[in-house]
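Working notes for the structure below.
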Amino acid sequence: MPKPFTLSPLPYDENALEPAISARTVGFHYHKHHKTYVDTLNKLVTGTRYADMEVQEIVQATLGKEDDKTKKIFNNAGQVWNHDFYWRSLSPKATRPRGKLADAIERDFGDVETFLKKFAEMGKEQFGSGWAWLVSNNGKLSIEKTANAVDPMAKGTNCLLTLDVWEHAYYLDYQNERRKYLEAVLTKLLNWDFAAENLDKEDHVVRAAAE
């Protein structure tokens, strides 16, 4: 019998991201929104072929499907994956880009400050609910935005970092001021070590494919 999907533990205490993101926001976001996606996904995949898949596999297998139930499976699986990735994209400990990641940012954006400005702008420009992403395609970095539950991973793109721009990610702290939320998180909480790990994983996949 397939094991049910579970809510992944947060990688830090709920108050660890303060003052940029309050413990109250993290608590609501994690225990209410994130958990609901996990619970709903378990109900939807029961008795289907998706019950035996990993969350990432479900997202990729259901992308673009037209029937109503499969769309719901995609949306909830996507939101489970996106939120797991989002929590790890943040760190209460200050980090900086290093090594290959720092070199790639300088090559593709000019410097970290320019990247942060462009990333904030992309997050602000996402109309309605969605996500802003730092991604890598064969080592070349770019910024993308996606709506609702969609993520670049679904199409095989390597994601390095993400920020949630659904209102539930910031409304308790910033009300409708998405820009202030983005600025606070981008300057204080980005987990550059996580981004570097994801870039390194891409190098390993490319090397393995070439062997």
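Determine the share of the chain's accessible area contributed by carbon and sulfur atoms, expressed in whole percent, with a 1.4 angstrom probe. Taking all protein chains in place, the chain shows 51 percent carbon and sulfur surface.
Annotation: amide H of Leu160 within the under-5 Å range of Leu134, Val135, Ser136, sequence separation 5 or more or interchain, hydrogens built in the peptide plane.
Note that region 157-164 has calculated 3J(HN,Hα) couplings of 7, 7, 8, 9, 8, 9, 10, 7 Hz, one per residue in order, obtained from phi through the Karplus relation 6.51 cos²θ - 1.76 cosθ + 1.60 (θ = phi - 60°); glycine and proline are x. In terms of packing, defined here as the mean over residues of other Cβ atoms within 10 angstrom, the peptides 55-61, 40-46 line up highest first as 55-61, 40-46.
Annotation: amide H of Tyr12 has no partner in the under-5 Å range at sequence separation 5 or more or interchain, hydrogens built in the peptide plane. Only helical runs count toward this figure. For the chain, summing -39,500 (n - 2.57) over DSSP H runs of n ≥ 4 and dividing by all residues gives -15500 deg cm²/dmol at 222 nm.
When ligands, DNA and RNA are left out and all protein chains stay put, how many square angstrom of accessible area per residue does region 60-211 have with a 1.4 Å probe? The answer is 48 Å² per residue. Amide H to amide H distances under 5 Å link Asn191 with Leu90, Ser91, where only residues 5 or more positions off or on other chains count and H is placed in the peptide plane. In this simple spin-label model, placing a label point 7 Å from the Cα along the Cα-to-Cβ direction at both Asp200 and Lys180 gives a separation of 3.8 nm.
Considering only alpha-carbon pairs that sit under 8 angstrom and 6 or more positions apart, the relative contact order computed for the chain is 23 percent. Across region 122-132, rounded Karplus estimates of 3J(HN,Hα) from the backbone phi angles (6.51 cos²θ - 1.76 cosθ + 1.60, θ = phi - 60°) give 5, x, 5, 6, 4, 6, x, 7, x, 9, 10 Hz, Gly and Pro being marked x.
The values are calculated or read from the model by the stated rules, or taken from the named source; none is laboratory data. Computed from a predicted model, the values in this text were never measured in an experiment. Glycine gets a Cβ as well: all are built from the backbone with ideal geometry, and neighbour counts include every protein chain shown. Accessible surface is based on the protein model in full, side chains and every heavy atom, while ligands, DNA and RNA are left aside. Shrake-Rupley method; radii C 1.70, N 1.55, O 1.52, S 1.80 Å.
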